[in-house]
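Reading through the C-alpha cells given below for one structure.
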Amino acid sequence: MAKVLVVTSGKGGVGKTTSTAALGAALATAGKNVVLIDFDVGLRNLDLVMGAERRVVYDLINVVQGDAKLAQALIRDKRVPALHLLPASQTRDKDALSEEGVARVIAELREKFDWVICDSPAGIERGATLAMRHADVAIVVTNPEVSSVRDSDRMIGLLDSKTEKAEKGERVEKHLLITRFDAARAGRGEMLNVEDVLEILSIPLLGIIPESFEVLRASNLGSPVTLNNPMSAPARAYFDAAKRLNGEALDMTIPSDRKGLFGKLFGRRAA
Amino acid sequence: MKLVDFFKRTRTAPHTAPVARERLQILLAHERAVSGKSDLIAILQEEIMAVIAKHFPVEQEGIKVKMERGEVVSTLEVEVEIPTPMCPSFPLPAKPAPAEPACAAEAAEAAEAEMS
C-alpha cells in the first residue's frame with residue numbers, strides 16, 4: 001500500500017530538501033520503490049541536491065497539464081535504481097499547478113511506488129498546501145530555534161485542517177524531524193533541547209539530525225548525504241529515521257562524528 | 001581581551017535556551033487560541049451567509065460577524081446589510097413623508113453566546 005509523505009516546515013532553509021533526498025535514498029536502498037516530487041515550482045532545487053539537474057526534460061507542471069506522460073518526466077537515480085525524481089518547473093509559477101491535476105498525478109504515482117515523497121516549498125501558500133493536500137504521513141522539519149518552531153506549529157495546524165485526510169475527519173500521521181541539532185550547545189543551555197521542542201510542538205519524534213559539515217559536502221556533490229557518506233553522523237540519523245517511517249521501533253540516539261583527541265588534531269585536515 | 005575576562009564570560013554565560021522556550025510557549029498558546037477563533041468566525045460568516053442568501057441577494061461584504069470576549073459572557077454580533085428594495089414589506093410608518101422610506105436597511109441581530 002503506497003504512502004504519500006510530505007516534508008514540510010513553513011520556514012525556509014531548515015533542511016526540507018536535504019531531508020527529502022536523504023530519506024528517499026535511505027528508503028530506496030532499503031528496497032522500497034520511491035519517488036520524490038519537488039513542489040517548489042519556480043525555485044526547484046531537489047534536482048540539484050540529487051545531482052540530476054542536467055537530466056531534467058519534463059517536469060511536474062508538464063505532467064499536471066497533460067503535456068507529458070508521467071514516465072517521460074520521471075528521472076531514475078543512477079546510484080539507486082529504486083529511487084525516482086519528478087522535478088519542479090523552473091520557469092512556470094505555482095498557479096500552473098491545478099488541484100485536479102496534482103490529484104491525478106499523485107493517484108497515478110500511488111499505483112507505481114511504495115513511497116511518494118513530496119518536498120514542500122517554504123511558506124503557507126499554494127505550493128505548500130498542494131504538497132500536503134494528499135499526504136497520509138507528514139514530516140515537520142524543525143531547527144531548534146524560535147522562528148522555526150513557531151512556523152512548525154503553524155504547519156501542524158494546517159496539516160490538521162487543510163489536508164484531504166483532515167477534511168474527511170481522519171488524521172495525517174505527523175512526525176517531527178529536528179535538524180541541525182548541536183548536542184553540545186543544547187547541553188550548555190545555548191540552544192533549545194529536544195525535550196523543549198517536543199513539549200512545545202507535541203508530535204512524535206522521528207529523528208534528530210546533528211549539525212554536520214557532511215550535509216553541505218553532500219549537496220556540493222549532488223548526492224543525498226545517505227549515499228555520499230552512509231557512515232557519517234547525519235546519514236546514520238537519516239537511516240534510523242527511515243527505519244522508523246517503515247514502522248521499526250529504534251532507540252532514539254543522536255549520532256555523532258566526534259573524534260578522539262588524535263582525530264581532533266589530525267582528522268579534520270585529512271577529511 | 002584579558003584572560004580574566006575570558007573566564008568571567010564563560011562562567012557567567014547566560015543560558016538563553018530557557019528564555020527561548022518560555023517565549024515560544026507564551027506566544028504559541030496565544031496564536032493557537034487566536035487562529036482557532038478566527039477560523040470559527042470565518043465558518044460562521046460563511047454559513048450565515050448561505051442561509052441569508054436563500055432569501056435575499058446579499059453581498060459577501062454585507063455580513064459582519066464579530067465576537068467579543070468578556071469576563072463572564074461573550075457576545076456574538078452579526079450584522080447583515082440588505083439592499084433596501086429587497087427589504088421585506090414591513091408596514092412603513094403611516095407618514096405622508098415622500099422622502100426616502102425609512103425601511104430598515106439594516107437588519108442587525110445580536111446573539112449572546114456563552115463561552116465555555
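Some notes on this structure:
- Per this entry, A:Ser152 is not counted among residues that are closer than 25 Å to A:Val225 by Cα, modelled with pLDDT of 95 or more, away from every other protein chain (no Cβ under 11 Å) and in contact with a helix residue (DSSP H, G or I) (Cβ under 9 Å, 6 or more places away or on another chain).
- Looking only at segment A:190-231, and only at residues there that are small (Gly, Ala, Ser) and away from every other protein chain (no Cβ under 14 Å), the one that is surrounded by the most Cβ atoms within 10 Å (Cβ to Cβ): A:Gly207
- Selection from segment A:9-24 of residues that are touching a strand residue (DSSP E or B) at 6+ places or on another chain (Cβ under 6 Å) and either without any contact (Cβ under 8 Å) to a residue 24 or more places away in the chain or closer than 21 Å to A:Gly222 by Cα (or both): A:Val14, A:Gly15, A:Lys16, A:Thr17, A:Ser19, A:Thr20, A:Gly24
- Those strands (runs of 3 or more DSSP E) lying entirely in segment A:126-231 with at least 3 residues closer than 18 Å to A:Asp38 by Cβ: A:137-142
- Residue check, B:Met86 farther than 30 Å from A:Ser161 by Cα and at pLDDT below 75: yes
- Out of A:Val105, A:Val41, sole residue that is outside any loop (DSSP other than H, G, I, E, B) and either over 13 Å from the mean Cα position of the chain (by Cα) or buried (at least 17 other Cβ atoms within 10 Å of the Cβ) (or both): A:Val105
- Test: A:Asp240 is among the acidic types (Asp, Glu) and either in a strand (DSSP E or B) or within 18 Å of A:Gly24 (Cα to Cα) (or both): yes
Every residue, every condition in (1) modelled with pLDDT of 95 or more; (2) assigned to a helix (DSSP H, G or I); (3) over 26 Å from A:Lys243 (Cβ atoms); (4) not hydroxyl-bearing (Ser, Thr, Tyr), yes or no:
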| site | (1), (2), (3), (4) |
| --- | --- |
| A:Val14 | yes, no, no, yes |
| A:Thr18 | yes, yes, no, no |
| A:Ala21 | yes, yes, no, yes |
| A:Ala26 | yes, yes, no, yes |
| A:Lys32 | yes, no, no, yes |
| A:Asp67 | no, no, yes, yes |
| A:Arg79 | yes, no, no, yes |
| A:His84 | yes, no, no, yes |
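- For segment A:1-13, the tally of residues that are touching a helix residue (DSSP H, G or I) at 6+ places or on another chain (Cβ under 7 Å) and surrounded by fewer than 24 Cβ atoms within 10 Å (Cβ to Cβ) stands at 2.
- In segment B:1-57, the residue that is surrounded by the most Cβ atoms within 10 Å (Cβ to Cβ) out of those that are within 9 Å of chain A (Cβ to nearest Cβ), at pLDDT below 70 and assigned to a helix (DSSP H, G or I) is B:Ser35.
- When A:Gln65 is tested against (1) surrounded by fewer than 20 Cβ atoms within 10 Å (Cβ to Cβ); (2) within 17 Å of the chain's Cα centre (by Cα), only condition (2) is not met.
- Among (1) at pLDDT 95 or above; (2) out of contact with any strand residue (DSSP E or B) (no Cβ under 8 Å at 6 or more places or on another chain); (3) under 30 Å from B:Arg23 (Cβ atoms) - the single one A:Glu190 does not satisfy: (1)
The values are calculated or read from the model by the stated rules, or taken from the named source; none is laboratory data. This is a predicted model, so every value here is computed, not measured. Please note: Cβ atoms are built from the backbone with ideal geometry, for glycine as well, and neighbour counts cover all protein chains shown.
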